[in-house]
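Colleague: Have a look at the structure that comes next, please.
The values are calculated or read from the model by the stated rules, or taken from the named source; none is laboratory data. This one's a predicted model, so the numbers in the text were calculated from it and none came from an experiment. We place every Cβ from the backbone using ideal geometry, glycine too, and count neighbours over all the protein chains shown. In case anyone asks, the SASA skips ligands and DNA or RNA and just uses the protein heavy atoms, side chains included. Shrake-Rupley method; radii C 1.70, N 1.55, O 1.52, S 1.80 Å.
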Amino acid sequence: MGKAAAVVWDESFLGYDLGGDHPLNPVRLDLTVRLAAGLGVLDGVDLVTPDPASEAEIERVHEPSYLNAVRAAPMAGWDVGHGLGTADNPVFDRMHEASALVVGGSLAAARRIASGEADRAVNIAGGLHHAMRDHAAGFCVYNDCAVAISWLLDHGFDRIAYVDTDVHHGDGVQAAFYDDPRVLTISVHQSPLSLWPGTGRPAEVGGPGAEGTSVNLALPPGTGDRAWLRAFEATVPSLLRAFRPRVLVTQCGVDTHREDPLADLALTVDGHRAIYRRLRELAGETAGGRWLALGGGGYELLRVVPRSWTHLLATVLDRDVDPDAPLPADWVAHASGLAPNRPLPSSMTDAADTAFEPWGGQLDTPVDLAVRDTRRAVFPLHGLDPDDPRD
């Protein structure tokens with residue numbers, strides 16, 4: 001790697017707290033940073049402290065009336081509309097301020113790349129990819145991914161690729177740039193036939209003038225590491241090479257894990273590590289090494305998210321962690337204190353084999369059919385042959 005990578009972090013991110021027993025508990029961020037620090041991943045790294053995004057920056061992708069509703073919601077009683085006050089998106093104190101800080105974190109990461117200070121930057125508190133122009137959705141109040149991409153478009157990056165590996169469709173980012181040929185959005189997710197939000201079909205390819213710049217790879221429930229990686233490799237690298245982005249933005253949700261309580265894919269921490277390493281390679285090959293990595297979903301708060309995102313931080317920093325590395329004793333003691341009856345893993349691996357057979361045009365499994373459907377929907381729009389595995 002060339003320039004130092006930037007890691008955006010401040011404990012104030014923990015203020016994005018939807019409360020009670022809501023699945024998106026900020027403890028997952030705290031445990032990740034504690035684990036990364038305990039393993040030496042953050043040694044000598046000057047963490048970038050974010051400032052909250054301004055209203056003008058948030059309004060790059062959100063309506064002013066929606067910002068007003070978010071600001072007013074904590075004092076406004078029960079019915080503020082805009083998707084706020086639901087079970088998924090409960091109102092919480094200082095909601096605007098906490099959400100604006102997440103956006104500010106992703107903007108801080110984007111600025112480090114745009115200024116040339118860093119080739120890579122990561123904000124694990126970001127990745128709130130479901131928020132729409134005028135409403136909250138899927139635990140997401142403001143769409144930091146879309147704001148960061150919009151900002152980059154105005155600061156020297158005329159082609160941006162966004163790759164979303166969360167188990168849920170990256171619908172908010174797709175919607176924000178559906179008619180913009182400068183942004184290639186690729187979402188690899190569980191099939192909308194079996195998981196919220198019910199969008200992300202291969203036929204969603206982009207609006208007029210931007211056909212082919214929305215890509216959706218919808219995988220069947222039960223898809224594990226090998227099949228996921230095989231499908232990714234059969235679609236994503238060719239599209240990135242054809243598009244030639246100036247920067248690669250990735251949403252790295254880890255709710256694809258087999259233990260995640262909210263979805264039905266079957267990846268492991270080892271699969272996640274393989275994904276991050278491949279994204280790093282692809283940023284180097286197709287985007288001049290520029291890589292902005294964001295967090296996202298992930299609801300197995302103790303056993304999965306901290307390990308997976310520690311691997312993400314390590315990958316961004318070129319400090320790859322040995323999968324067999326034991327978890328530090330003080331981290332285990334702290335995590336055990338939070339959930340005394342929850343057995344914790346002992347190392348940074350799930351002992352899974354992630355080797356896969358590359359797709360060769362065959363249609364032997366449901367995953368192969370998903371690959372075919374996505375390739376046939378978008379490959380011709382990029383001058384690629386959907387039926388030739390060499391493309």
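Colleague: Is there any pair linking a residue in the range 249-278 that is over 23 Å from VAL183 (Cβ atoms) and among the basic types (Lys, Arg) to one that is modelled with pLDDT of 95 or more and in a loop (DSSP other than H, G, I, E, B), with Cβ under 7 Å and at least six apart or on different chains, and which?
Modeller: Between residues of the range 249-278 that are over 23 Å from VAL183 (Cβ atoms) and among the basic types (Lys, Arg) and residues that are modelled with pLDDT of 95 or more and in a loop (DSSP other than H, G, I, E, B), the close pairs are ARG258/THR268; ARG273/PRO323.
Colleague: Could I ask something else about it? Please determine, by comparing only the residues of the range 49-70 that are open to solvent by 60 Å² or more (accessible area, probe 1.4 Å) and assigned to a loop (DSSP other than H, G, I, E, B), which one is nearest to ILE149 (Cα to Cα).
Modeller: Per the criteria, the residue is ARG60.
Colleague: Separate question: For ALA5, work out the one condition from (1) open to solvent by less than 50 Å² (accessible area, probe 1.4 Å); (2) closer than 26 Å to THR86 by Cβ; (3) among the small types (Gly, Ala, Ser) it doesn't fulfil.
Modeller: The failed condition is (2).
Colleague: Would you call PRO261 open to solvent by 10 Å² or more (accessible area, probe 1.4 Å) and either part of a helix (DSSP H, G or I) or in contact with a helix residue (DSSP H, G or I) (Cβ under 7 Å, 6 or more places away or on another chain) (or both)?
Modeller: So PRO261 fails the test.
Colleague: While we're on this one: If you scan the range 173-191, which residues turn out to be open to solvent by less than 50 Å² (accessible area, probe 1.4 Å) and either acidic (Asp, Glu) or in a strand (DSSP E or B) (or both)?
Modeller: The answer is ASP180, VAL183, LEU184, THR185, ILE186, SER187, VAL188, HIS189, GLN190.
Colleague: Looking at (1) buried (at least 24 other Cβ atoms within 10 Å of the Cβ); (2) touching a helix residue (DSSP H, G or I) at 6+ places or on another chain (Cβ under 6 Å), which is the one condition that is false for HIS155?
Modeller: HIS155 satisfies all of (1) buried (at least 24 other Cβ atoms within 10 Å of the Cβ); (2) touching a helix residue (DSSP H, G or I) at 6+ places or on another chain (Cβ under 6 Å) except (1).
Colleague: Now for a separate question. Out of (1) open to solvent by 10 Å² or more (accessible area, probe 1.4 Å); (2) part of a loop (DSSP other than H, G, I, E, B); (3) among the aliphatic types (A, V, I, L, M), what's the single condition that is false for ALA118?
Modeller: Result: ALA118 passes all but (1).
Colleague: Moving on. Taking ASP51, is it touching a helix residue (DSSP H, G or I) at 6+ places or on another chain (Cβ under 9 Å) and within 21 Å of LEU262 (Cα to Cα)?
Modeller: No; evaluated as a whole, the condition is false for this residue.
Colleague: Which residues, taken from the range 71-109, are more than 23 Å from the chain's Cα centre (by Cα) and open to solvent by less than 10 Å² (accessible area, probe 1.4 Å)?
Modeller: If the condition is that a residue be more than 23 Å from the chain's Cα centre (by Cα) and open to solvent by less than 10 Å² (accessible area, probe 1.4 Å), then ALA73 is the only one that fits.
Colleague: Pick from the range 272-309 the residues that are under 14 Å from the mean Cα position of the chain (by Cα) and farther than 22 Å from PRO237 by Cα: which of them is surrounded by the fewest Cβ atoms within 10 Å (Cβ to Cβ)?
Modeller: The selected residue is TYR299.
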